[in-house]
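Remarks on the structure that follows.
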Amino acid sequence: MVTEENVRVAPQPVVNGSPKVNIHNGAALNAVTPVTRSVDTQEKFMHKAADLLIDYLTESWSGKGKVCELRSPDEIRAAFDDIGVPISLNDGKPCNDDKVLAAMEKALELGVRAQHPLFRNQLSAGTDDIGVAGEWLIGSSNINSHTYEVGPVFTIAERAVIDKSARVWMDIPAGEPTPAHEGLFTPGGSFSNLYAFLCARYKAVPDIKKKGMWGGPKLVAFCSEDTHYSALKAAQTTGLGADNLRKVKVDKCGSMMVADLKTKLAEALAQDEVPFLLFATAGTTVLGAFDPFQELSVVAKEHNMWFHVDAAWGGAVLLSPELRKLTMKGAELADSLTWNPHKAMNVPLACSMFINRYPGLLRETNGSNATYLFQPDKLYADQDIGDLTIQCGRKPDAFKLWLQWRAKGDALWARHIEHAYHLTRYMADRIMKSDKFVMVIPSQCTNVCFWYLPTRFRHINPHTATEEELKELGRCAPKIKARMQQAGKAMIGFQPLPSKGLVNFWRFVFAGALGLNNQSVDEILESIDQNGHDL
Ligand SMILES: *Cc1c(COP(=O)(O)O)cnc(C)c1O
């Protein structure tokens with residue numbers, strides 16, 4: 001008999017001989033604590049959180065306060081214990097809004113301030129008000145930009161930024177139509193480079209998607225010794241294998257040597273290997289070198305290889321008609337480009353794009369036609385970007401850049417990168433005029449690589465010094481950096497380059513130059529001297 005009771009509570013299914021628990025009929029349903037905070041409470045909290053964050057940003061942008069508060073992991077845990085919000089979640093207890101705000105404040109206080117002008121540790125640094133607002137807008141909308149259906153504005157804004165960036169990359173004068181292209185925003189430059197591997201491989205071996213790496217020709221790719229390690233990761237991830245990513249020698253400035261490329265190509269062909277990808281770089285990570293794109297594009301064409309330019313770091317120079325002429329000649333001939341606006345353009349992390357010349361190729365290469373998302377018979381189905389990617393959900397990162405581009409316009413973008421170049425030259429000039437510093441190589445891109453000579457090393461020239469002297473000199477940069485971190489004044493990267501026999505040197509990078517001027521450059525060099533003269 002059908003009673004009200006057995007209509008509401010369906011019979012318990014039996015799985016493997018034991019009744020399966022009906023989760024819709026459990027005690028949890030009787031819980032009375034509301035999980036949704038009242039809108040009023042949330043509004044109050046958000047105002048306080050916004051005030052806290054705006055104070056943090058304005059203090060950082062004005063260069064006040066420290067760049068970092070160096071603490072050990074134990075000290076960080078103790079500091080959070082002191083305010084009653086332990087880092088460990090294992091006590092399982094909740095805390096009230098005041099404690100949440102206190103934890104936010106502590107996290108910012110003990111964290112590193114990438115927004116401070118003297119954070120020069122990485123190729124990404126600070127951002128600006130419009131950037132943060134864009135990031136907040138994306139977070140507030142919490143939209144997944146895989147389909148037009150849920151992200152209509154973000155989807156067309158992404159296409160608009162890709163279209164504009166393709167024009168900039170290919171150097172198309174105003175008024176002329178944009179040449180054929182397509183593109184994507186990705187979670188970072190490493191992903192963008194992975195897309196280059198995937199597209200190039202699909203173009204070379206279209207049945208790779210079905211058959212995998214078995215049975216086809218032996219594929220080999222070429223990049224320089226100074227290529228970013230994401231190329232190696234892409235070779236590992238795609239199943240190409242590290243051994244099949246051939247490292248071409250670089251000259252003393254770090255640019256790929258075309259003669260060595262030709263030698264390595266000949267070796268590969270002699271073994272019946274199939275070259276499918278030439279991976280070049282605009283702005284190498286350490287030295288800031290640009291590969292000779294024009295010559296490389298000829299070689300790529302000759303051998304029917306996909307020609308990719310990784311401009312994750314150097315891409316920003318495309319924005320300046322003057323600078324691009326000096327560094328990017330021939331990059332417009334590439335099949336694809338990686339560009340990270342989250343580096344020299346100061347767009348909030350993450351903001352990276354991959355663009356290529358072949359509309360439809362990304363979908364062919366990566367698509368899987370998931371029927372629950374990309375129904376062909378829904379409205380505006382052709383607008384969906386999601387199936388071009390190797391992700392499912394994705395953040396609408398393009399929108400931050402779109403907002404900044406609208407706010408700045410082309411001319412201000414050009415000045416943005418030109419200012420960073422100006423300061424690069426200014427710094428290099430100061431270094432060359434001082435007996436306390438020696439350039440490792442002439443500055444390239446916005447990278448200034450130099451040694452600082454403590455007083456007792458003033459007489460040596462690191463380019464001709466003995467191995468013993470260099471060993472000692474190499475110990476200085478880490479010590480100076482540690483002192484600067486302890487004082488919290490600045491963070492500047494250093495590293496050795498063993499492949500070129502170079503001991504630890506400073507790599508000062510202008511990842512944009514927000515908040516910096518000539519005087520700040522003087523102060524930075526002065527600060528290295530103050531922290532290191534006695535070593
Ligand atoms: C930073 C960088 C990458 C990697 O970009 P992520 O966004 O950090 O993944 C790739 N290539 C070059 C030349 C870079 O400088």
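We did not get these values from a lab; they are worked out from the coordinates using the rules stated. Nothing here was measured: the structure is a model prediction, and the numbers come from that model. We place every Cβ from the backbone using ideal geometry, glycine too, and count neighbours over all the protein chains shown.
Note on residue 35 and residue 249: with the Förster distance fixed at 60 Å, the Cβ-Cβ geometry gives a FRET efficiency of about 0.50.
Over region 258-395, the fraction of Cα-Cα pairs per 10 Å bin, rounded to whole percents and listed from the shortest bin up, is 11, 32, 30, 21, 7, 0. Region 296-370 and region 452-488 have Cα centres spaced 38 Å apart. Can you figure out the FRET efficiency of residue 469 with residue 150, using R₀ = 51 Å and their beta-carbon distance, to the nearest 0.05? According to the calculation, E is roughly 0.25. Extension gain, residue 519-residue 486: 0.36 nm per intervening residue step, less the Cα-Cα distance, totals 9.6 nm.
Against the empirical 2.2 N^0.38 Å (N residues), region 156-195 has a Cα radius of gyration ratio of 1.26.
Each Cα pair under 8 Å and six or more residues apart adds its sequence gap; the mean of these over the residue count of region 38-162 is a relative contact order of 24 percent.
Dividing the C-alpha radius of gyration of region 139-218 by 2.2 N^0.38 Å, with N its residue count, gives 1.43.
Rounded if a/c is under 1.5, else prolate if a/b is larger than b/c, else oblate: which is region 353-396, with a ≥ b ≥ c the root eigenvalues of its Cα gyration tensor? It comes out prolate by the Cα gyration axes. By the gyration tensor of its Cα atoms, with a ≥ b ≥ c the square roots of the eigenvalues, what is the shape of the chain: rounded for a/c under 1.5, prolate for a/b over b/c, or oblate? Verdict is oblate for the chain.
Taking Cα centre as origin and charging only the Cβ of basic (Lys, Arg, +1) and acidic (Asp, Glu, -1) residues, the dipole magnitude of the chain rounds to 740 debye.
Sorting 80-90, 36-46 by their mean Cβ neighbour count within 10 Å, with the most densely packed peptide first, gives 80-90, 36-46.
Around residue 122, with a cut-off of 12 angstrom between Cβ atoms, what is the net charge of the other residues, counting Lys and Arg +1 and Asp and Glu -1?
Value of the local net charge: +3.
Of all DSSP beta bridges confined to the chain, the antiparallel ones make up roughly 55%. The residues neighbouring residue 459, those whose beta-carbon lies less than 15 Å from its own, together hold a net charge of -1 under the Lys/Arg +1, Asp/Glu -1 convention. Considering Cα pairs under 8 angstrom that are at least six residues apart, work out the relative contact order of region 100-217 and quote it in whole percent. Relative contact order, region 100-217: 10 percent. Once the C-beta distance of residue 83 and residue 42 is scaled by a Förster radius of 25 Å, the resulting FRET efficiency is 0.65 to the nearest 0.05. Report note on the peptides 138-150, 275-287, 456-468, 188-200: ranked by the mean count of other C-beta atoms within 10 Å, highest first, their order is 275-287, 188-200, 138-150, 456-468.
Relative protection proxy for 207-214, 378-385, from highest mean packing down: 378-385, 207-214 (other beta-carbon atoms within 10 angstrom).
Note on region 131-267: Cα-only Rg and Dmax are 19.0, 54 Å.
Once the mean of 1/r is taken over each pair of separate Cα atoms and inverted, region 49-144 shows a Kirkwood hydrodynamic radius of 15.1 Å.
Treating each Cα of region 198-307 as an identical point scatterer and summing with the Debye formula, the log10 of I(q)/I(0) at q = 0.13 Å⁻¹ comes to -0.45.
Straight-line cross-link partners of residue 400 among the aspartates and glutamates, defined as a Cα under 17 Å from its Cα and at least 8 positions apart when in the same chain: 128, 129, 135, 158, 163, 410.
Here region 33-91 was treated as a single set of alpha-carbon atoms; its pair distances binned every 5 Å from 0 give 4, 14, 12, 12, 23, 20, 9, 6, 1, 0 percent.
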